[in-house]
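What follows is a set of notes on a single structure, which appears directly below.
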Amino acid sequence: MRDRIVHALLCGALLVYFGLVGHRGVLLIQEGTPVTVGLGAAVLVLPLIGGWFLWRSLRFVMNANRLARELDAEGGLPVDDLPRTPSGRVDRAAADAAFAVRKAETEERPDDWRCWFRLAVAYHDARDTPRARRAMQHAIDLRAAAGTPAAGTAGERAPR
């Protein structure tokens, strides 16, 4: 819950920042000189890019959380039982061993979003964030292609 509060506060602060930057862009454009109009237009692009990036990130997190809830309801969520270092990170050797198992599972069933979800978790445990994000996005895409989500997920209808 603490993570959600921090995330919401950071998103709120970012939106305020976007608003302030956008306002400065409008003020520059209102000056009316060619230089300030050009600078104002350039400044207005920054909140648009930031807003797009924020929306994509939020959508990714919401979709990944939806898959985690669905997988948890099925009893297929990977158990977090890997040994940890004193700093709290997953032990690298244990993460690599778990990754090998998840990779083999995904190679056996490449069209199963559940395998890709578990592979994304294994990538994350192995500290390979870019591949973890790509694997999770692939799991999200496979789940979306599979059709209507399971009953009981927030905001979605049950299959008929």
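Taking the dipole about the Cα centre of the chain, with the C-beta of Lys and Arg at +1 and of Asp and Glu at -1, give me whichever of 16, 52, 77 is farthest to the positive side.
16
Quick one: among 118, 84, 102, which has the greatest mean-square fluctuation in a GNM of the chain with alpha-carbon springs under 10 angstrom?
84
Taking a ≥ b ≥ c as the square roots of the eigenvalues of the Cα gyration tensor of region 1-60, is the shape rounded (a/c under 1.5), prolate (a/b larger than b/c) or oblate?
prolate
Per residue, how large is the accessible surface of region 92-133? Use a 1.4 angstrom probe and give square angstrom.
On a per-residue basis, 57 Å².
Using a probe of 1.4 angstrom, how much of the accessible area of the chain is carbon and sulfur, in percent?
62 percent
Relative contact order (percent) for region 1-75, with alpha-carbon contacts under 8 angstrom and 6 or more residues of separation?
After rounding, I find 25 percent.
Counting alpha carbon pairs within less than 8 Å and at least 6 residues apart, what relative contact order, in whole percent, applies to the chain?
Relative CO of the chain lands at 14 percent.
Please work out which option in (1) 11, 42, 37, 8, 2, 0; (2) 10, 26, 27, 19, 12, 6, 1; (3) 10, 36, 35, 17, 1 gives P(r) over Cα pairs in 10 Å bins from 0, in percent calculated from these coordinates, and answer with its label.
Of the listed options (1) 11, 42, 37, 8, 2, 0; (2) 10, 26, 27, 19, 12, 6, 1; (3) 10, 36, 35, 17, 1, (2) comes from this structure.
The values are calculated or read from the model by the stated rules, or taken from the named source; none is laboratory data. This is a predicted model, so every value here is computed, not measured. Glycine gets a Cβ as well: all are built from the backbone with ideal geometry, and neighbour counts include every protein chain shown. The protein model used for the area step is the full one, side chains on, heavy atoms only, and it has no ligands, DNA or RNA in it. Shrake-Rupley method; radii C 1.70, N 1.55, O 1.52, S 1.80 Å.
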